[in-house]
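Inspection log for the structure reproduced underneath, given as structure tokens.
Coordinate-derived values only; no laboratory data. Keep in mind it's a predicted model, so treat the numbers as computed, not measured. Counting neighbours? That spans all protein chains shown, and the Cβs are built from the backbone with ideal geometry, glycine included.
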Amino acid sequence: MPYLYTCRQCRTRAPRPRTTCEDAETDQQEHRDAAHGGHAPLDGDGIRRVHDDARGDGLLPRHSCLAALVLLALVLANCWGR
């Protein structure tokens with residue numbers, strides 16, 4: 001699963017996800033050096049795992065979203081039928 005560096009103080013993120021956490025840590029240090037004089041930003045920054053095949057904000061992969069919609073449709077159909 002890819003890793004993505006984000007900085008909450010600058011409200012920015014790395015241009016693309018990295019395949020390893022070490023590569024994302026390199027992005028983190030490069031940003032800290034360039035934008036914050038090598039220091040950690042006060043509002044925080046971090047590296048998070050992201051999905052390749054994500055929709056929207058990247059929280060759910062596409063197949064999980066479809067499964068959740070089907071399950072919701074079944075529950076609603078069951079409730080409506082009573």
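Fully extending the segment from GLU30 to HIS51 would add 5.2 nm, taking 0.36 nm per residue of separation and subtracting the current Cα-Cα distance.
Between the helical axis of 21-36 and the dominant principal axis of the chain, each derived from Cα atoms, what acute angle in degrees is found, rounded to the nearest 10? Roughly 50 degrees, rounded to the nearest 10.
If you plug the beta carbon distance of GLU22 and SER64 into 1/(1 + (r/R0)^6) with R0 = 25 Å, you get a FRET efficiency near 0.35. In plain terms, the C-alpha convex hull of the chain casts an average shadow of 6.9 nm² when viewed from every direction. With respect to the chain, whose longest principal axis is taken over its alpha-carbon atoms, helix 62-81 is tilted by about 30°. Between GLN9 and CYS79, the modelled label-to-label distance comes to 4.6 nm, taking each label 7 Å out from Cα in the direction of the beta carbon.
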